[in-house]
1. Rounded to two decimals, what is the ratio between the C-alpha radius of gyration of the range 86-228 and 2.2 N^0.38 Å?
2. Can you list residues whose amide H is under 5 Å from residue 203's amide H, if they're 5+ apart or on another chain and H is modeled 1.01 Å from N?
3. Quick check: at a probe of 1.4 Å, how many percent of the accessible area of the chain sits on carbon and sulfur atoms?
4. If the cut-off is 16 Å between C-alpha atoms, which aspartates and glutamates fall inside it for residue 208, apart from same-chain ones fewer than 8 positions away?
5. Antiparallel as a % of all DSSP beta bridges within the chain, to the nearest 5?
6. What residues have an amide H closer than 5 Å to that of residue 140, excluding those fewer than 5 places away on the same chain, when H is modeled at 1.01 Å from N in the peptide plane?
7. Rounded, prolate or oblate: which fits the chain when a ≥ b ≥ c are the square roots of the eigenvalues of the alpha-carbon gyration tensor, with rounded for a/c under 1.5 and prolate only if a/b beats b/c?
8. Using just the Cα positions, wrap the range 323-371 in a convex hull and report its mean projected area in square nanometres, one decimal place.
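The values are calculated or read from the model by the stated rules, or taken from the named source; none is laboratory data. Given the structure is predicted, the values throughout are model-derived calculations rather than measurements. Virtual Cβ from ideal backbone geometry, glycine too; neighbours counted across all protein chains shown. The protein model used for the area step is the full one, side chains on, heavy atoms only, and it has no ligands, DNA or RNA in it. Shrake-Rupley method; radii C 1.70, N 1.55, O 1.52, S 1.80 Å.
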Amino acid sequence: MEEEIIHQIALSLTPGIGIALSRQLVSYCGSAQEVFKASKGKLTRIPGIGDKTAEIIHAREGFSVADFVYEQALKQNVRILFYTNKDYPTRLKQLPDAPMLLYYKGTADLNAKKVVAIVGTRNATTYGKKITEELITSLSVYPDVLVVSGLAYGIDITAHKASVKHSVPTVGVLGSGIDTIYPAAHKNTAQQMFNNGGLLTEYTFGTKPDAPHFPDRNRIVAGMSDVTIVVEAAIKGGALITAQIANDYNRDVMAIPGSLDQPYSAGCNRLIRNHQAHIYTSLSDLEYLIGWAEETGEKNNPSVPIPWMQQEGLSESEKSILTLLTTQPDILIDDLSWKSQIPVNQMASILLTLELQGLIKSLPGKRFSLA
C-alpha cells in the first residue's frame, strides 16, 4: 500500500499528466505502480498517450519529491486520497476536472449522505452572520450532514465556527498546502474542526495561498456538495464564482435574498433574478429542493408489485436506476449518479429514455421518481 501511494503521489506530480490522462493510464494499466512499470510501447498504445507523454512518465520526475510528500503526510497525520480511493469524495470524482489527488486531515465522512456548501462575501454583515448561524442551527437536526466552505473571512469562517458550535461536521477546502492555514487568524478554528470535520486541499505541502488557487479551491467546494448556498455576495466575488461553477456542474444553487440597498446582497438577488439560484428563506426550501422532506414519509411497501419489474428489454443501468427509485422515490439526479456510479452525462440520457417509456417522471429541482 505504501509503494502504491508513493506512486500515486508521483503520478500526480508528473508534468503534463492531468486527471483525464491519469484515469486513462490507471484504467489500462491497473494501478499507479503499473503505469510506471509499463513499457513505452504499452503506454503509447493507450488512447491519448503519445511518445512524448510516455517519455515523461519514464523520466519519473514526480518521484523526486514523492517520498518527501509521503513522509510529511505520515508526520502530520494527513491522508492521501487518490481518486480511486473509496474515501475520495464521490460527488467530486464524477467531474471531468476533479483533482487526481487530495490531501485530507480530519474525521468527517467526505461522502456524507447530505453535503451542503455555504459560501459568501468576506465582508459579511451582521445580517449575513446571523443568517449563517441560523442556517447551521437548522442543519444540525440532521445527523448525516456535512458543511463545506473555504475557511475564508466572512461567511465562510462564520459557517465553520457555527458548525463547530452546533457539532455539525464541517470541512474547509484550502487554496494552499494543508500545512499552511490561510488566513492564519483562523488557525484555532481549523484545529477545532479536526475533531468533527477537517481540512482538504489538492495542493501539496508547502504550497502558498496564491491568488490563482482560490478559483480552483472553489470548484472543489461546489463539486463535492449537493447544493451550494450563497448567503451574501456583492455583484462580483469568489462566492459568485463558486455559484457559477456549481451551475456548470449541474448542481443546485440557493441564495438568500437581502435588502435592495445592501451591496452585499446584490449578488444573491441577481442570482435569484436570473434564475441561477433558488431562493432560500428557510430549511423547508432546501428540504424541498434536495428531496430531504420525503425522508419522514412512508417508504414503499416491498410487498406491492412494481410494474417495471415486468418490463422486458431493460439494460442493467436502467434496472439499477429503477431499483434506486423504488427505495428512494424522490431523488436528485446527482444522487442517482453517485449511488449508481453512472456518470451524470450518461444518466441524463438514460433518465430521458425511462421517462419516454412512462416508467419514471421528472420533478422540480432536477429530481426524479417512479411514474
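1. Values: Rg = 13.7 Å, N = 143, 2.2 N^0.38 = 14.5 Å.
My calculation over the Cα atoms of the range 86-228 gives 0.95.
2. Those qualifying (amide H under 5 Å, at least 5 residues apart or on another chain) are 103.
3. On the way: 8740 of 16610 Å².
It is 53 percent, rounded to a whole number.
4. 179, 216
5. Working: 14 of 35 bridges.
For the chain, the DSSP antiparallel bridge percentage is about 40.
6. Those lying under 5 Å, H to H, from residue 140: there are none.
7. Details: a/c = 1.88, a/b = 1.11, b/c = 1.70.
In terms of gyration-tensor shape, oblate.
8. 2.9 nm²
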